[in-house]
Amino acid sequence: MTRKISFSGAINEALHQEMERDETVFILGEDVAKMGGDFGITKGIWLKWPHRAYDTALSEQAILGLCNGAAVCGLKPVAELMFADFVGVCYDQLVNNAAKLCYMYDGQASAQIVVRAVTGGGIRCAYHHSQCIEPWLMNIPGLVIVAPSNAYEAKGLLVSAIRNPNPVVFLEHKLLYNTKAEVPEELYDIELYKAKVVKEGTDITMVAAMTMMAFAEKAAKELEKEGISVEIVNPLTIFPLDKETIVDSVAKTGRLVVVQEGPKVMGYAAEIGAMVVEDIFEYLKAPIRRVTSLDVPVPFAPVQEDYVLPQYDEVIKACHEVMTF
Amino acid sequence: MALTKDRLWKVYRDMVLIRRFEEEVEKYAQNGTIPGFIHLSIGQEAAQAGVVEALKQTDYKFPDHRGHGAIVLSSPEERRKNCMSEIFAKETGINHGRGGSMHVNDLDARNMGFNGIQGSTVVTCLGTAFDSYYRKANKMEGWESDDRDLDVTAVFMGDGTLGEGTCHESMNMAATWKLPIIYCLINNQYAISTHYTESHPQKQLATWGEGYEVPSFTVDGNDIEAVIEVVEKAAERARKGEGPTLIEFMTYRWQGHFSGDPAAYRPDGELEAWKEKCPLVLAKKKLMEVHGYSEEELDALHAEVEEEIQGYVKFSLESPSPKAEDAVKFVYMDREVEGR
Ligand SMILES: Cc1ncc(C[n+]2csc(CCOP(=O)(O)OP(=O)(O)O)c2C)c(N)n1
């Protein structure tokens, strides 16, 4: 049975169902238990399992440290970072510890943890609450970064993230929380490390994730009217990237446009571009194009935040450029 | 310590100003004119007004995310309206709309601004405290004389923020080097939904300072006279190079965590009990009963503040938005970033 539920409802349901199934899964973070989370994502879990939901002090470093240690002992922590920007506070635990435990213990143990992190801009909260942090973590072998773009993906990917034996940073874009999609009632998972071809096409491969998927879908429709056929690929797992699906798609279309919310320099758009050029340069019919934020901190004033974030018009412009090169 | 009649009158006015400032901000946040998250400090006015009152203009202040009061009072009168227009995301804002409610700073007033990452300022403040310590030790220009006092740094932090590791690191270093810091711990009971007793083993958080041999006090944060007294003592110590002080101000936040949070996690009756201890009511009572002010005189004060606040609001509403393309300014000191 499927029915329409919100992105936040889907995450909540995934937690409830996976916790029902596996008693080693527990949640912790600031205000996640009694209150059910600042964004209401963990509602009802503490009521059902008072000893499996923990409100912590404001201590991100301790939260992540606890997760790492507990995971080595066989528990499966799911921690919440109220805003992904707070990764900065617990960076050492994530980068120098979680990401290395498997390596350090010769594969005998790992940090099987999920860090749910509320990411992205758009709510006028300025530079410390609006960043896209995935590139901060993409240079760290051992981490997995997952980024759903709708409620269906959110539920299935979170289940996979919890079952995945590695540290997973699960990105929840705050602007997606209220968006709805058809979601099965029963528990299901979606394979990690696997990109999804959201829509097939022949002229341009457009790679987009999270909120940028809405740009991609809108652009594909608009361009179709001009006879330009766009293939949309959503990486789902931002790191490690599913090179094969992306490269295969670009080999077919010969053109690549990547739409990414964060700043341009060293974002995943850069990595995807490099990957394609390195592997299938000979298939390319035009230079690749990246549509991204400016390389600027996210400002508060609405007109300025909107200006810094990627522009829809630029997506269309980039597509025209790769078509007419 | 009883304040003089005039001084109590002055700080009462400051508290009324904060209250009305915040009520207006709340109103325009609710109707959607002010974007983003707004954290209100209604009920906590005495701790902010008292700290600012007890310090000099040249002392450094690091307000917290609920620090509209400390921010406004730190700024000279002619710039207070710009503090409000910053919250309205306007070009006339003190930071040209770049920061908003959570990040209002005014370097000229030595208001160093809040940082959206809780606990960050608690270590940054080591540096402003270190500055005069260093200049004095090296007898740098302006600091040749041995009797020049150090500049004080006051950092505001919530009971929740005390959970961050930075608070330990900061206190350890400040205490070891005797840096001139006043840790203003605003214990308004809650960190979002979590009561401080649920995230700390201590009943009184001020006991925290003991481990670092930092003199620590818990005071009634709603009693403006008590606040000023303890901060003045701490400032004196700091100025003389005797080191940091930790002060826990017991108070209560009347609103939810942010404007719009119904605060359903609070037990029934708790808010009402604290409203009885409203810092404004307490001070007003003293003004009338001890100092003989009349109801009419107080009404006149309220009317005066009202006019001032309405002036800020009008200024904010009438100010233009910043230019979108100015978003690329100030990313670097010495180079431009390309816009669209
Ligand atoms: C490092 C970090 N973690 C979490 C948050 C989210 N957050 C903002 S305010 C807050 C509660 C702060 O409580 P407290 O320090 O008691 O101050 P109060 O809000 O009560 O004034 C939290 C958890 C943050 N901004 N920064």
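The values are calculated or read from the model by the stated rules, or taken from the named source; none is laboratory data. Everything numeric here is computed off the predicted structure, so don't read it as measured data. When we count neighbours, we look across all protein chains shown, and the Cβ atoms used for this are built from the backbone with ideal geometry, even at glycine. SASA here: full protein model, heavy atoms, side chains in, ligands and nucleic acids out. Shrake-Rupley method; radii C 1.70, N 1.55, O 1.52, S 1.80 Å.
Worth pointing out:
- Residue-level accessible surface for B:R148, protein heavy atoms, 1.4 Å, Å²: 90 Å²
- Of all DSSP beta bridges confined to the protein assembly as shown, the antiparallel ones make up roughly 20%.
- For the pair B:D268 and B:K5 in one chain, pulling the backbone fully straight at 0.36 nm per residue adds 91.0 nm over the alpha carbon distance.
- Förster radius 45 Å - calculated FRET efficiency between A:A286 and B:K203, Cβ distance, rounded to 0.05: 0.10
- Sum of side-chain charges, A:G88 neighbourhood, beta-carbon under 13 Å (Lys, Arg +1; Asp, Glu -1): -4
- Percentage, to the nearest whole number, of Cα pairs in the stretch B:230-340 over 21 Å apart: 73 percent
- For the pair A and B, the buried accessible area comes to roughly 3200 Å² in total, with a 1.4 Å probe and the value rounded to the nearest 100.
- Principal-axis tilt of helix A:212-224 within chain A, Cα atoms, nearest 10 degrees: 30 degrees
- Kirkwood's formula applied to the C-alpha pairs of chain B gives a hydrodynamic radius of 20.7 angstrom.
- Interface residues, the stretch B:71-117 - accessible area loss of 10 Å² or more versus chain alone, probe 1.4 Å: B:A89, B:G97, B:R98, B:G99, B:G100, B:M102, B:H103, B:N115, B:G116, B:I117
- For the stretch A:109-197, a Kirkwood radius taken over Cα pairs fed into Stokes-Einstein (37 °C, viscosity 0.692 mPa s) yields D = 235 µm²/s.
- Interface residues in the stretch B:314-340 - accessible area drops by 30 Å² or more relative to the isolated chain, probe 1.4 Å: B:P322, B:A324, B:A327, B:V331, B:R340
- Solvent exposure of B:M140, expressed as accessible area, is near 70 Å², computed with a probe of 1.4 Å over the protein chains only.
- Protein-only accessible surface at a 1.4 angstrom probe places the residues A:Y105, A:Y177 in the order A:Y105, A:Y177, largest first.
- Solvent-accessible ranking of B:M1, B:M102, largest area first, probe 1.4 Å: B:M1, B:M102
- Spin-label pair B:Q30-A:D295: with each label point 7 Å from Cα along the Cα-Cβ axis, the two points sit 4.6 nm from one another.
- Once the 1.4 Å probe is applied to the protein heavy atoms, the stretch B:97-168 comes out at 37 Å² accessible per residue.
- Unit Cα scatterers, Debye sum, the stretch B:117-237: log10 I(q)/I(0) for q = 0.17, 0.18, 0.20 Å⁻¹: -0.89, -0.98, -1.16
- On the basis of the beta-carbon distance and an R0 of 51 Å, A:Y188 and B:T58 show a calculated FRET efficiency of 0.20.
- Taking only alpha carbon atoms, the protein assembly as shown gives an Rg to Rh ratio of 1.00, where Rh is the Kirkwood radius.
- Annotation for the stretch A:1-63 versus the stretch B:90-150: alpha-carbon center distance of 39 Å.
- Note on A:R3 and B:K240: with the Förster distance fixed at 56 Å, the Cβ-Cβ geometry gives a FRET efficiency of about 0.20.
- B:K275 sits with roughly 100 Å² accessible to a 1.4 Å probe, with DNA, RNA and ligands left out of the calculation.
- Compactness ratio for the stretch B:142-185: Cα radius of gyration over 2.2 N^0.38 Å (N = residue count) comes to 1.42.
- Near the amide H of A:V25, within less than 5 Å, lie the amide hydrogens of A:K76, all on another chain or at least 5 residues away, with H placed in the peptide plane.
- In the full protein context, chain A carries 38 Å² of accessible surface per residue, based on a 1.4 Å probe and ignoring ligands, DNA and RNA.
- Within the accessible area of the protein assembly as shown (1.4 Å probe), percent carbon and sulfur: 53 percent
- Remark on the stretch A:124-139: accessible area falls by at least 40 square angstrom from chain-alone to full-complex state for A:C125, A:Y127, A:H128, A:H129, probe 1.4 angstrom.
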